[in-house]
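To start, the structure itself, in structure tokens.
The values are calculated or read from the model by the stated rules, or taken from the named source; none is laboratory data. What you see is a predicted model, and the numbers here were worked out from it, not measured in a lab. Counting neighbours? That spans all protein chains shown, and the Cβs are built from the backbone with ideal geometry, glycine included. We work out accessible area using only protein heavy atoms, side chains counted, and drop any ligands, DNA or RNA first. Shrake-Rupley method; radii C 1.70, N 1.55, O 1.52, S 1.80 Å.
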There are 2 protein chains.
Amino acid sequence: MARPRCFDEQQALRSALEVFWAKGYNAASMTDLLDATRLSKSSLYASFGSKQALVVEAMRCYAEQLMDGPLAALGRPDASRAEIEEALRATAAVARTEAGQRGCFINNCLTEIAPHDAEVMAAASAAIRQLEAALLAAVRRGQQQGAITTGEPPEALARFLVNTLSGLNLAAKSKPTAERLDDIVRVALRALD
Amino acid sequence: MARPRCFDEQQALRSALEVFWAKGYNAASMTDLLDATRLSKSSLYASFGSKQALVVEAMRCYAEQLMDGPLAALGRPDASRAEIEEALRATAAVARTEAGQRGCFINNCLTEIAPHDAEVMAAASAAIRQLEAALLAAVRRGQQQGAITTGEPPEALARFLVNTLSGLNLAAKSKPTAERLDDIVRVALRALD
DNA sequence: CTGATTCTGGACTGACCGGTCCATAATTGG
DNA sequence: CCAATTATGGACCGGTCAGTCCAGAATCAG
């Protein structure tokens, strides 16, 4: 009875994410988004409602692909110190690439738009909370195994690690050398001893 | 012979900085800047040339007031471990305030505009380099005094500390609790032991 | 083939953008 | 008071912004 949708909403979302990620929210025009998604204006507005709603969806999409990418190790149920180290190193490795210079999309949104948009703030906070929870579980396991100091509560160590990851992603913006990133990761890991 | 300038360029710059800092570069319109500086469009363009040139000057202005504010301790010629701790704590203290939720202006610019503007990138890099140099000097002194580990080169520790400060300023965006910030500072300082 | 329904392209809107320009007001030295 | 010089306000510019809307193409069930 009805004509079926002839485009993949998830695929469009991924394309929109690329645009927002590369250009930032304000600098990404609807024209840019239309070109990237290959959707008509009507279709895009019918599917997502507004530019703001679209970026919020893009943030969720990004958070998912983060946990499947450089932070995948942290998602494993037996994640411990080795997986924390792996996550830090993978983040540093991405930061060296050209694409990595876009930084963390969540942090970009937190910086540019969250202060003036409650929904974006909520989405960013949720993503950060999720990362912290994963780190917390890994820290606890590491402490139980004696691989991580028990001189600090696991919550404190997890918060510190979130902070270090944020910093690495920000550092990525200014074309850091591999040595610089390695220094940061190595010294940060000292805090777990 | 000539009519003297009847406004304070530095004062106008500080006002412009407030606008850019609170709203972000793209979201700050010339109208906003004109209202805040109380200048006419002609005067502002005659003094600074363009919105982009204005933000670059604002970045320099911010970098100065940073070294006179929370990072003042690091500027002292005898700065050592205590001054590093003081800088971290002062940054955390600012992050708790409402004004602190604007984060670090340099990092905001690095995130929003530096990727697409070479001059902004240069200004941001210069500011970060300056901070790192101050930290490096303090780390070296701390190592000589035996207050900081010599198990890592001072450059690595300085880079790590820059990273931690960046992270704290980013964390400021999401209304962090005092406890959370204290955790980050305390754990980061472990890495110096 | 037909009628119902939904998707699609693009014209269109009013507002605002950063930036230019000029006539005028203000202040100077003489 | 005058001539020279500069700051100033505001009109104005073309372009772009996010978002609306509609006529028509595409796809369905029967």
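Within the stretch A:162-193, the residues that satisfy the criterion of being among the basic types (Lys, Arg) and assigned to a helix (DSSP H, G or I) are A:173, A:180, A:186, A:190. So is residue B:13 free of Cβ contacts under 8 Å to residues at least 40 places away in the same chain and within 29 Å of residue A:117 (Cα to Cα) or not? No, not satisfied. Remark: residue A:83 matches the filter, which requires a residue to be on the phi < 0 side of the Ramachandran plot and more than 16 Å from the chain's Cα centre (by Cα). Annotation note: of B:62, B:25, the sole residue that is at pLDDT 95 or above, closer than 18 Å to residue B:108 by Cα and within 16 Å of DNA strand D (Cβ to nearest atom) is B:25. Annotation note: of A:13, A:17, A:39, the sole residue that is more than 9 Å from DNA strand D (Cβ to nearest atom), farther than 30 Å from residue A:145 by Cα and not in a helix (DSSP H, G or I) is A:39. Cβ-Cβ contacts under 7 Å between residues 6 or more apart (or on different chains), taken from a first residue in the stretch A:19-47 that is under 24 Å from residue B:112 (Cβ atoms) and among the small types (Gly, Ala, Ser) to a second residue that is near DNA strand C (Cβ under 8 Å from one of its atoms) and modelled with pLDDT under 95, are listed as A:27/B:26.
All told, residue A:85 meets the bar of being more than 12 Å from every other protein chain (Cβ to nearest Cβ) and at pLDDT 95 or above.
Being surrounded by fewer than 23 Cβ atoms within 10 Å (Cβ to Cβ) and assigned to a helix (DSSP H, G or I) is the filter here; which residues of the stretch B:148-161 pass it? Passing the criteria: B:154, B:155, B:156.
Residues considered: A:191, A:172, A:178. Of these, the only one that is facing chain B (nearest Cβ under 9 Å) and over 20 Å from residue A:76 (Cα atoms) is A:191. Within the stretch A:117-139, residues that are more than 18 Å from residue A:78 (Cβ to Cβ) sit with their Cβ atoms under 9 Å from residues that are open to solvent by less than 30 Å² (accessible area, probe 1.4 Å) and among the hydroxyl-bearing types (Ser, Thr, Tyr), at 6+ positions apart or across chains, in these pairs: A:127/A:62; A:128/A:166.
Going through the stretch B:154-187 one residue at a time, which ones are free of Cβ contacts under 8 Å to residues at least 40 places away in the same chain and more than 17 Å from residue A:169 (Cβ to Cβ)? Within the stretch B:154-187, B:154, B:155, B:156, B:157, B:158, B:177, B:179, B:180, B:183, B:186, B:187 meet the criteria. Scanning the stretch B:155-193 for residues that are farther than 23 Å from residue A:149 by Cα and of a type in the set (Asp, Glu) yields a single hit, B:155.
The set of residues in the stretch B:1-22 that are of a type in the set (Lys, Arg), touching a helix residue (DSSP H, G or I) at 6+ places or on another chain (Cβ under 9 Å) and at pLDDT below 85 contains only B:5. Of the candidates B:146, B:142, B:151, B:103, the single residue that is at pLDDT 95 or above, within 12 Å of another protein chain (Cβ to nearest Cβ) and farther than 23 Å from residue A:172 by Cα is B:151.
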